[in-house]
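The values are calculated or read from the model by the stated rules, or taken from the named source; none is laboratory data. A quick note: this is a predicted structure, and the numbers were derived from the prediction, not measured. So basically every Cβ, Gly included, is an ideal-geometry build from the backbone, and we count neighbours across all protein chains shown.
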């Protein structure tokens, strides 16, 4: 599901970004790539949480996904863990589940934490992804990668089918990938990302457009199904 074009984007942007994964410029360049290909794509503001990799991913269901996500999102820290006592196979045991949130500032951080605001350092308080052909593409989820939290996206991007209800902000997008639990919430009416340098600075926008054009070049003239193929 758009893995090839997403990886191409990361490769084409590497030199300019120094490998830094930032949602606003990468999403802007990806939108430019889809425009170059004549394919509809839209930006989507999200916030979410990722629980670290588990050898037995069914642990998330045993604990209760909704409980985990709610506890993490409402917790006092963006990076943390949840200690639980669970029964597994008739055996009682303690489990520590590490998590990191994205686009979700927490208590103890300065400034207004309202979605779409900018913090005291000028950072936008949200996370931006792209939706194309019913697929959510997050080209910068790898910024959460951290061995301490057992989070590792390789490549450092993510694609997933996104229902109409999720895109409309009516229900979360929840799934397990490579042993990690991911939960996203969408905010389709939030547009303050358009105040960022990626949308307002002409020179930077031109750089991102060039990245988008280079990203699109290998896929010119190909069918949509070719873009969805991962191999």
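Report, by residue number, each residue of the stretch 33-42 that is in a helix (DSSP H, G or I) and surrounded by fewer than 21 Cβ atoms within 10 Å (Cβ to Cβ).
Of the residues in the stretch 33-42, the ones in a helix (DSSP H, G or I) are 33-36.
Passing the criteria: 35, 36.
Considering every residue within the stretch 145-162, establish whether at least one is free of Cβ contacts under 8 Å to residues at least 60 places away in the same chain, on the phi < 0 side of the Ramachandran plot and in a helix (DSSP H, G or I).
Checking the stretch 145-162: at least one residue is free of Cβ contacts under 8 Å to residues at least 60 places away in the same chain, on the phi < 0 side of the Ramachandran plot and in a helix (DSSP H, G or I).
Consider residue 214 carefully, then state whether it is farther than 16 Å from residue 42 by Cβ and at pLDDT below 95. Show your work before the answer.
Working: farther than 16 Å from residue 42 by Cβ: yes; at pLDDT below 95: no.
Criteria not met by residue 214.
Here are some residues: 17, 13. Which one is out of contact with any strand residue (DSSP E or B) (no Cβ under 9 Å at 6 or more places or on another chain) and buried (at least 23 other Cβ atoms within 10 Å of the Cβ)? Steps first, answer last, please.
Values: 17 fails: buried (at least 23 other Cβ atoms within 10 Å of the Cβ).
After applying the criteria, what remains is 13.
For residues in the stretch 174-185 being touching a residue at least 40 places away in the same chain (Cβ under 8 Å) and either within 21 Å of residue 96 (Cβ to Cβ) or more than 11 Å from the chain's Cα centre (by Cα) (or both), which is surrounded by the fewest Cβ atoms within 10 Å (Cβ to Cβ)?
This residue is 178.
Of the residues 128, 115, which single one is touching a residue at least 40 places away in the same chain (Cβ under 8 Å), closer than 18 Å to residue 45 by Cβ, part of a strand (DSSP E or B) and touching a helix residue (DSSP H, G or I) at 6+ places or on another chain (Cβ under 9 Å)? So that I can check it myself, show each step before the final result.
On the way: 115 fails: part of a strand (DSSP E or B).
Going through 128, 115 in turn, just one is touching a residue at least 40 places away in the same chain (Cβ under 8 Å), closer than 18 Å to residue 45 by Cβ, part of a strand (DSSP E or B) and touching a helix residue (DSSP H, G or I) at 6+ places or on another chain (Cβ under 9 Å): 128.
Modelled with pLDDT of 95 or more, more than 21 Å from residue 164 (Cα to Cα) and crowded, with 16+ Cβ neighbours inside 10 Å: is that true of residue 45 in this structure? Full working, then the answer.
Details: modelled with pLDDT of 95 or more: yes; more than 21 Å from residue 164 (Cα to Cα): no; crowded, with 16+ Cβ neighbours inside 10 Å: yes.
Judged against the criteria, residue 45 is not a match.
Restrict the check to the stretch 14-29 and report whether at least one residue is at pLDDT 90 or above, out of contact with any helix residue (DSSP H, G or I) (no Cβ under 9 Å at 6 or more places or on another chain) and assigned to a strand (DSSP E or B).
Checking the stretch 14-29: not a single residue is at pLDDT 90 or above, out of contact with any helix residue (DSSP H, G or I) (no Cβ under 9 Å at 6 or more places or on another chain) and assigned to a strand (DSSP E or B).
Whether any residue in the stretch 104-112 is at pLDDT 90 or above and exposed (fewer than 13 other Cβ atoms within 10 Å of the Cβ) is what I want to check. Quick ask: steps written out before the conclusion?
As a first pass, look at the stretch 104-112 and keep what is at pLDDT 90 or above: none.
No, the stretch 104-112 contains no residue that is at pLDDT 90 or above and exposed (fewer than 13 other Cβ atoms within 10 Å of the Cβ).
Which condition number in (1) within 28 Å of residue 71 (Cβ to Cβ); (2) loosely packed, with under 14 Cβ neighbours inside 10 Å; (3) at pLDDT below 95 is the one that residue 124 fails?
Failing condition for residue 124: (2).
Which members of the stretch 53-96 meet the condition of being touching a helix residue (DSSP H, G or I) at 6+ places or on another chain (Cβ under 7 Å) and either assigned to a helix (DSSP H, G or I) or exposed (fewer than 13 other Cβ atoms within 10 Å of the Cβ) (or both)?
Within the stretch 53-96, 60, 68 meet the criteria.
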